[in-house]
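Below is one structure, written out as structure tokens; the observations come after it.
The values are calculated or read from the model by the stated rules, or taken from the named source; none is laboratory data. On a predicted model such as this, the values are computed, not experimentally measured, just so you know. Cβ: placed from backbone, ideal geometry, glycine included. Neighbour counts: every protein chain shown. For the accessible areas, the whole protein counts, side chains as well, though only heavy atoms, and no ligand, DNA or RNA atoms are used. Shrake-Rupley method; radii C 1.70, N 1.55, O 1.52, S 1.80 Å.
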Amino acid sequence: MSQINASSKTPIDVLPRHMEFPYAQMQTKDFFDNNCLKSAYMAAMSATFPAGEGEFIESVRMFRDQVQDKELKQQIKGFIGQEAHHSLQHKRFNEALRDKGYDAVRLEEVFEKDLEWSIKGRKDKERLGFTVCVEHMTAVLAYDFLTKPERMDGMDPSIKPLMLWHAVEELE
Ligand SMILES: [Fe+2]
Ligand SMILES: [Fe+2]
């Protein structure tokens, strides 16, 4: 079996950070700029994160034993830790969204089943390829969020730190 080496010598620390956010303090159902469309969009996106991030972790874990490079091994460990925390925090956010009237928890379960169905019979490399593509998309979104902070104008202060933290770690 071929070995996987770090493709870049640029040192990147991928650090999982344990965070807590005050979701229960969310003021209104329209938590994003008092706008039902923007809020529903964000709620729907959050509903896909727990299952999506679970698949990212699993698809990378399948290749972990083939990696010998110390730095890359450390980055994989950090990546798995980060995504596990994102998943947990978005689960909590989805519960808070449910309490405000969004169907986020049910949507989360539906998406989990859809994802299970769509990866059935897929090769490990295809699953890893899917993760690489989607992680690239999340990094593009995160870069946009962080370089144009006005994108988050009007977001409830109980939710904004979750989005900023997730964006920073997606870029790592
Ligand atoms: Fe994430
Ligand atoms: Fe990610």
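Assorted remarks:
- Summed side-chain charge close to G154 - residues other than G154 whose Cβ falls under 12 Å, Lys, Arg +1, Asp, Glu -1: -2
- Rounded percent of accessible protein surface that carbon and sulfur make up, the chain, 1.4 Å probe: 57
- Restriction of the trypsin sites (Lys or Arg not before Pro) in the stretch 5-85 to DSSP coil positions whose beta-carbon has at most 15 other beta-carbons within 10 angstrom yields K9, R17, K29.
- Applying 1/(1 + (r/R0)^6) with R0 = 25 Å to the Cβ-Cβ distance of R151 and K77 gives a FRET efficiency near 0.20.
- Cross-link reach list, lysines versus K70, counting only Cα pairs under 21 Å and skipping chain neighbours closer than eight places: K9
- Our helix-only sum for the chain, with -39,500 (n - 2.57) per DSSP H run of n ≥ 4 divided by its residues, gives a mean residue ellipticity at 222 nm of -22000 deg cm²/dmol.
- Net charge in the neighbourhood of L107 (other residues with Cβ under 13 Å of its Cβ; Lys, Arg +1, Asp, Glu -1) is -2.
- Formal net charge of residues neighbouring L15 (Cβ-Cβ distance under 15 Å; K, R +1; D, E -1): -3
- Calculated FRET efficiency for the pair R61/M19, C-beta based, R₀ 22 Å, to 0.05: 0.45
- Overall form of the stretch 53-92 per C-alpha gyration tensor (a/c, 1.5; a/b vs b/c): oblate
- C-alpha center-to-center spacing [the stretch 9-59, the stretch 143-172] in angstrom: 9
- Once divided by 2.2 N^0.38 Å, the Cα radius of gyration of the stretch 32-171 becomes 1.10.
- Here K123 and K100 are evaluated by their C-beta separation; at R0 = 41 Å the FRET efficiency comes out at 0.50.
- Dipole magnitude of the stretch 32-171, debye to nearest 20 (Cβ charges: Lys/Arg +1, Asp/Glu -1, about Cα centre): 220
- Protein heavy-atom accessible surface, 1.4 Å probe, per residue over the chain: 60 Å².
- Nitroxide proxy distance, nm - points 7 Å out along Cα→Cβ at V140 and I12: 1.6
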